[in-house]
1. Ranked from the most accessible area to the least, with a 1.4 Å probe and all protein chains present, what is the order of VAL40, VAL5?
2. Leaving ligands and nucleic acids out of the surface, order MET34, MET102, MET82 by accessible area at 1.4 Å, largest first.
3. Please calculate the 1.4 Å probe accessible area of TRP105, with all protein chains present, and give it to the nearest 10 Å².
4. At a probe size of 1.4 Å, how large is the accessible area of THR74, to the nearest 10 Å²?
5. Go through the range 75-86 residue by residue and turn each phi into a ³J(HN,Hα) via Karplus (6.51, -1.76, 1.60, θ = phi - 60°); whole Hz please, and just put x for glycine and proline.
6. Which far-off residues, 5 or more places away or on another chain, put their amide H under 5 Å from the one on VAL48, with H placed in the peptide plane?
7. Could you order GLU6, GLU46 by accessible surface area, starting with the largest, using a probe radius of 1.4 Å?
8. For the chain, state the average projected area of the convex hull of the C-alpha atoms over all orientations, rounded to one decimal in nm².
Amino acid sequence: QVQLVESGGGLVQPGGSLRLSCAASGSIFSINSMDWYRQVPGKQRELVAGFTRGGSTNYADSVKGRFTISRDGTKNTVDLQMNSLKPEDTAVYYCHAYKSPMHYWGKGALVTVSS
């Protein structure tokens, strides 16, 4: 079992920044990948940013150049730095881990971008 806990969500004005953090615990050895997803009510959950097991990163086109994913192996955390936030970035952000054959999700962190 892998447990994921997100923190750092909140309300921010357009153009502002937020940093989300995901702390992983439990059976974290050999996790294949960790990612950040987001979901807006009535829409499918979408991949925002992630790491593959090989260490490369990938981003949704809508956040490239504005969001940065990073990780700290000593703390077992994966962070998402979000800059130049837009109202359309408003969503619940979920931390996700894949450890074959299981998928694990955090409970989510609400990010609201509004003036």
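The values are calculated or read from the model by the stated rules, or taken from the named source; none is laboratory data. Here the structure is a predicted model, which is why all the values come from computation and not from measurement. To get the accessible areas, we keep the full protein, side chains included, count just its heavy atoms, and leave off ligands, DNA and RNA. Shrake-Rupley method; radii C 1.70, N 1.55, O 1.52, S 1.80 Å.
1. Reading off the accessible areas and sorting them downward yields VAL5, VAL40.
2. These residues rank, largest area first, as MET102, MET34, MET82.
3. The accessible area comes out at roughly 110 Å².
4. 120
5. 9, 6, 10, 10, 10, 10, 8, 10, 10, 6, 5, 10
6. Hits under the 5 Å cutoff: TRP36, TYR37, ARG38.
7. GLU46, GLU6
8. 6.9
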